[in-house]
Amino acid sequence: MINFNKFYKLFNLISLGLVVASILLLFFKGLNFGVDFKGGTLIELRSNDKNINVTSLRQSFSQMNLGDFNVKKFGNENDFLIKIEKKDTSANAIEVIKKDLISSLGGSFNFRRVENVGPKVSSELLKSGIIAIALSLAAMLFYIWIRFEWQFSLGAILALFHDVIITLGLFSLFSLEINLSIVAAVLTIVGYSMNDTVVIYDRVRENLRKFSDIKIYELTNISINETLSRTIITSATTLLALVSIYLFGGEILKGFSLAMIMGVVFGTYSSIYIANPILVKLRVSQKTILTEDTE
Amino acid sequence: MLYFSKLRITLVFFVTLFFIYFALSNFQDPENSFISKRINLGLDLQGGSYLLLEIDNEPVEIQKLQNTTTDIRNFLKSKKINFNDLRIQDKTIVFTIPIMDVGSVEAFFLDKESEINPYYNQYKSHQFDVIIEDSKFTLSLSKYGLIEIKTSSQDQALEIVRRRVDEVGTNEPNIIKRGNNRILVELPGLDDPMRIKSLLGKTANLTFRFVTQNKNDTFGTEMLQFEDGMSEAMVSKRIILNGENLLDAQPQMNNQTNETVVSFTLDRVGAKRFGKATSTGVGKQLAIVLDGKIVSAPTIQSVIASGNGQISGNFTFQSATDLALLLRSGALPAPLNIIEERTVGPDLGQDSINAGVIALMIGFLLVIIFMFFKYKIFGLIANITLLVNLFFLVGILTLFEATLTLPGIAGIILTVGMAVDANVLIFERIKEECKKEKNNIIAFDTGYVKSKTAIIDANITTLIAAVILFFMGSGPVKGFSVTLAVGIFTTLFSVYFIARMLTGLYVVRNKEKTKLI
């Protein structure tokens, strides 16, 4: 048996530090929103000319008077991703860019993907993304509250906040792009982290009924150990699937799978080191469960 | 508990076969396939264009206010009521009348049969809200009046958009309403939406009006620019003909001038009016005005009574074709703005499918190998379950002809990773029970019973996330929530029906074995 409970204090301090650092990052550095949430134009293009590179593209775009833009390589040798902040959704904006590009660089370009999001739509998408995440947290809180006691509900929700905030903090730290698929990833993280916490909580409750003389501090440790191999195996298979998406699933899914990988790692960690110490702090005991049984 | 009836085994077997068949029918030639159902590929996988259009209702509202103002003027004149200062101000109509007439005019506006201020029974509201201060009337469009304007212009716009898209001839376009002032257009397989975008961006409001030098024209005049933007002309506001009078329009080569023109045919009313106008107006210039710009202003040479005519104006064959198409499909009630566009080329779509399939295969393989090394025989059972689960998932998506997107594929891969969880929970529990319980069969049963709550709780949490994502997410992300949610059900089914049966059979055969798992 591993004594997880010996490190409750230490890891709680570390988590607290990470959460505070993440919040500071979110406040001062902010998130790198993609065109979905900020509006603007995204073009994924493939050139058939080997001489065309980021520098020459950047030069060519800077002559087009499009305001702030960003050019980067995207996967393949000749694939590039261009993001333009100017919100021009007029019918021929893309055609004009294509013509300008060909006239300044020659050759031909294949616009493999074009996304053009107007300011109104982007702010609506952002709003509905935030609502979706808030709603899912509320729904989880409610579900755990009816399935367990409020102490468990609080523990689970704090673990969720911990995971979501740290994942977003890492996205801020590395300036990774936040787009619609990241919202999907965050929601899935919420589901996964909850799932992991619930399995341990389920065992804690069972053990509270089974052992009438063991204090919660010890009891959480027993429960964590009993479910440990499941926790490890499930995290491992989920991570295997996610790493496979990250490595082979193409450029478009990279951000999504990366967010999920971070989320699974933190979700697994938090269901041990956030969810359980909270039960200890809240002095959960056999009595907590008893009230439920007599109802 | 460890007895599985023959009926149950057969049933599970056939259900499994059924879904495997559906799943595999996706890979068959649709012509030779017995079942023609297949998974729809989202625009991000098959390539295509997604356009979200917003109707700019402001001009419609202003038009409505102008029309009502005219109606009110005519009404007050007919009732011989002296009115003052009738005008439109900040989107309201204001006027003042003598105090003694206030009552009768008010009654007229609030009459449920009122022609000027229609009453909507379904909303229990008039089109206009009327405020009266002393003898001053202020009419503003009511909440439902605005809704009525929006929905009716949305209906009309939808029809026109459909006609225009159909004329261009893309395969299986999807054109639907969004909210009360938006239209969503999905064009599968279209990798360059340029032409459609420019066609949808035009209102195509066509009018024929005389060019005039007389500023005091009874109908009023306005200065309009020519399409080339170089020159302008004063045009009467009196409309001789508009687009609604057109029966047909076609691009044509004019043999004499070698110029591309758009020839048109007018309906009976239009032909009559056109004949009358040309007979009185020989020698005058007739401006052909499209969306507030003069396309051309030919001088009338002779009476045109046939109802056929030509529009010339520096057209290329393409632009003449487009103009003819716009004229045939009719004018939009209001301008449309493209507020969101997402286009994926077909080659990128294919690349995404390939990458998705490779990631799925590798992910699946990694999980299978891992499970086999961890649990041996039980791992094998989990793996068989996983494979069947995959067939179930794809089979159900096929059965409902769901739309598969790239995030949807990610959802399938993720399901592969998470689906083993239920089996792991059960196996671990059986393992624990085996330590206390000598009888393998009892240990097996207790393992299943005791792990149930954890499995259900764990899956419901994921389901909650998926459902919220389904309702809040858009487009490709929705596809992810669908596969994730369906994956939860197929996982539970395969774990409790297939894996349970297989483990059961194995445990019964090895009841005496000391180290079962």
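Of the residues that make up segment A:227-235, is at least one under 17 Å from the mean Cα position of the chain (by Cα), more than 9 Å from every other protein chain (Cβ to nearest Cβ) and either modelled with pLDDT of 95 or more or within 21 Å of B:VAL420 (Cα to Cα) (or both)? Walk me through how you get there before you give the answer.
Of all residues in segment A:227-235, those under 17 Å from the mean Cα position of the chain (by Cα) come to A:235.
Now drop any that are not more than 9 Å from every other protein chain (Cβ to nearest Cβ), which leaves A:235.
Next cut, either modelled with pLDDT of 95 or more or within 21 Å of B:VAL420 (Cα to Cα) (or both) only: A:235.
Taking every residue of segment A:227-235 in turn, at least one turns out to be under 17 Å from the mean Cα position of the chain (by Cα), more than 9 Å from every other protein chain (Cβ to nearest Cβ) and either modelled with pLDDT of 95 or more or within 21 Å of B:VAL420 (Cα to Cα) (or both).
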Could you say whether any residue in segment A:87-106 is outside the structural domain of A:THR188 (by TED's automatic domain parsing) and in a strand (DSSP E or B)?
no
B:LEU139 meets each of (1) without any contact (Cβ under 8 Å) to a residue 24 or more places away in the chain; (2) within 37 Å of the chain's Cα centre (by Cα); (3) not in a helix (DSSP H, G or I) with one exception, condition (1)
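For (1) under 21 Å from A:SER181 (Cα atoms); (2) among the aliphatic types (A, V, I, L, M); (3) buried (at least 19 other Cβ atoms within 10 Å of the Cβ), each residue gets a yes or a no:
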{"residue": "A:ILE130", "(1), (2), (3)": "yes, yes, no"}
{"residue": "A:ALA134", "(1), (2), (3)": "yes, yes, no"}
{"residue": "A:GLY155", "(1), (2), (3)": "no, no, yes"}
{"residue": "A:LEU158", "(1), (2), (3)": "no, yes, no"}
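Select from segment B:199-227 the residues that are within 14 Å of chain A (Cβ to nearest Cβ) and modelled with pLDDT of 85 or more and write down the one among them that is nearest to the chain's Cα centre (by Cα).
So, considering only residues that are within 14 Å of chain A (Cβ to nearest Cβ) and modelled with pLDDT of 85 or more, the one nearest to the chain's Cα centre (by Cα) is B:LEU200.
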Farther than 25 Å from A:LEU10 by Cα and either of a type in the set (Val, Ile, Thr) or more than 8 Å from chain B (Cβ to nearest Cβ) (or both): does that describe A:THR197?
no
Would you check which residues across segment A:128-184 are facing chain B (nearest Cβ under 10 Å), polar (S, T, N, Q) and free of Cβ contacts under 8 Å to residues at least 40 places away in the same chain and list them?
A:SER128
List pairs: first in segment B:341-353 and at the interface with chain A (Cβ under 7 Å from one of its Cβ atoms), second aromatic (Phe, Trp, Tyr), Cβ under 6 Å, 6+ apart or cross-chain?
B:ARG342/B:TYR50
If you take the residues in segment B:461-517 that are at pLDDT 85 or above and basic (Lys, Arg), which one is nearest to B:LEU390 (Cα to Cα)?
B:ARG500
Helices (runs of 4 or more DSSP H) contained in segment B:302-416 and holding at least 2 residues farther than 30 Å from B:ARG509 by Cα and touching a Pro at 6+ places or on another chain (Cβ under 9 Å)
B:317-329
Before we move on, is A:PHE148 aromatic (Phe, Trp, Tyr), buried (at least 20 other Cβ atoms within 10 Å of the Cβ) and over 30 Å from B:ILE338 (Cα atoms)?
yes
Only one of B:THR415, B:THR462, B:THR405 is under 41 Å from the mean Cα position of the chain (by Cα) and more than 9 Å from chain A (Cβ to nearest Cβ). Can you tell me which?
B:THR405
From the list B:ILE72, B:ILE55, which one is β-branched (Val, Ile, Thr) and touching a Pro at 6+ places or on another chain (Cβ under 9 Å)?
B:ILE55
Please go through (1) more than 10 Å from chain B (Cβ to nearest Cβ); (2) more than 30 Å from A:TYR273 (Cα to Cα); (3) of a type in the set (Gly, Ala, Ser) for A:GLY30 and return the number of the only condition it doesn't satisfy.
(2)
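Only one residue in B:VAL467, B:VAL495, B:VAL477, B:VAL508 is of a type in the set (A, V, I, L, M), surrounded by fewer than 24 Cβ atoms within 10 Å (Cβ to Cβ) and under 26 Å from A:THR188 (Cα atoms). Which one?
Of the residues listed, the single one that is of a type in the set (A, V, I, L, M), surrounded by fewer than 24 Cβ atoms within 10 Å (Cβ to Cβ) and under 26 Å from A:THR188 (Cα atoms) is B:VAL467.
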Restricting attention to segment B:448-467, which residues are of a type in the set (Gly, Ala, Ser) and within 19 Å of A:ILE224 (Cα to Cα)?
B:SER451, B:ALA454, B:ALA458
Test B:SER329 against the criterion of being of a type in the set (Ser, Thr, Tyr) and within 28 Å of B:GLU159 (Cβ to Cβ), and give yes or no.
yes
B:LYS478 among the basic types (Lys, Arg) and more than 40 Å from the chain's Cα centre (by Cα):
no
What's the total number of residues in segment B:166-188 that are of a type in the set (A, V, I, L, M) and free of Cβ contacts under 8 Å to residues at least 60 places away in the same chain?
2
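So that you can scan it fast, the table gives a plain yes or no per residue for (1) hydrophobic (A, V, I, L, M, F, W, C); (2) touching a residue at least 40 places away in the same chain (Cβ under 8 Å); (3) under 20 Å from A:ASN32 (Cα atoms):
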position: A:ASN65; (1), (2), (3): no, no, no
position: A:GLU85; (1), (2), (3): no, yes, yes
position: A:LEU101; (1), (2), (3): yes, yes, no
position: A:GLY107; (1), (2), (3): no, yes, no
Do we find that A:ILE97 is over 29 Å from the mean Cα position of the chain (by Cα), free of Cβ contacts under 8 Å to residues at least 24 places away in the same chain and over 24 Å from B:GLN350 (Cα atoms) in this structure?
no
Quick check: anything in segment B:431-454 surrounded by fewer than 18 Cβ atoms within 10 Å (Cβ to Cβ) and farther than 22 Å from B:LYS513 by Cα?
yes
Determine whether segment B:484-500 contains at least one residue that is within 14 Å of chain A (Cβ to nearest Cβ), out of contact with any Ser or Thr (no Cβ under 8 Å at 6 or more places or on another chain) and within 27 Å of B:ARG342 (Cα to Cα).
yes
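Residue-by-condition table, conditions (1) part of a helix (DSSP H, G or I); (2) within 14 Å of chain B (Cβ to nearest Cβ); (3) within 14 Å of A:GLY155 (Cβ to Cβ); (4) not hydrophobic (A, V, I, L, M, F, W, C):
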{"position": "A:LEU239", "(1), (2), (3), (4)": "yes, yes, no, no"}
{"position": "A:LEU242", "(1), (2), (3), (4)": "yes, yes, no, no"}
{"position": "A:GLY255", "(1), (2), (3), (4)": "yes, yes, no, yes"}
{"position": "A:ALA259", "(1), (2), (3), (4)": "yes, yes, no, no"}
{"position": "A:MET262", "(1), (2), (3), (4)": "yes, no, no, no"}
{"position": "A:PHE266", "(1), (2), (3), (4)": "yes, no, no, no"}
{"position": "A:ILE278", "(1), (2), (3), (4)": "yes, no, yes, no"}
{"position": "A:THR288", "(1), (2), (3), (4)": "yes, no, yes, yes"}
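With respect to B:ASN383, is the statement that it is in contact (Cβ under 8 Å) with a residue 24 or more places away in the chain, more than 10 Å from chain A (Cβ to nearest Cβ), under 26 Å from B:LEU17 (Cβ atoms) and more than 23 Å from the chain's Cα centre (by Cα) true?
It is false that B:ASN383 is in contact (Cβ under 8 Å) with a residue 24 or more places away in the chain, more than 10 Å from chain A (Cβ to nearest Cβ), under 26 Å from B:LEU17 (Cβ atoms) and more than 23 Å from the chain's Cα centre (by Cα).
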Give the number of residues within segment A:212-222 that are without any contact (Cβ under 8 Å) to a residue 24 or more places away in the chain and touching a helix residue (DSSP H, G or I) at 6+ places or on another chain (Cβ under 8 Å).
2
Of B:ALA287, B:ALA271, B:ALA277, B:ALA249, which residue is surrounded by 20 or more Cβ atoms within 10 Å (Cβ to Cβ), over 42 Å from the mean Cα position of the chain (by Cα), modelled with pLDDT of 85 or more and not in a loop (DSSP other than H, G, I, E, B)?
B:ALA277
Boolean, B:VAL388 is more than 30 Å from A:LEU125 (Cβ to Cβ), among the β-branched types (Val, Ile, Thr) and more than 11 Å from chain A (Cβ to nearest Cβ)
yes
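The values are calculated or read from the model by the stated rules, or taken from the named source; none is laboratory data. Please read these numbers as outputs of a predicted model, since none were measured by experiment. Quick reminder, even Gly has a Cβ in these numbers, built from the backbone with ideal geometry, and neighbours come from all protein chains shown.
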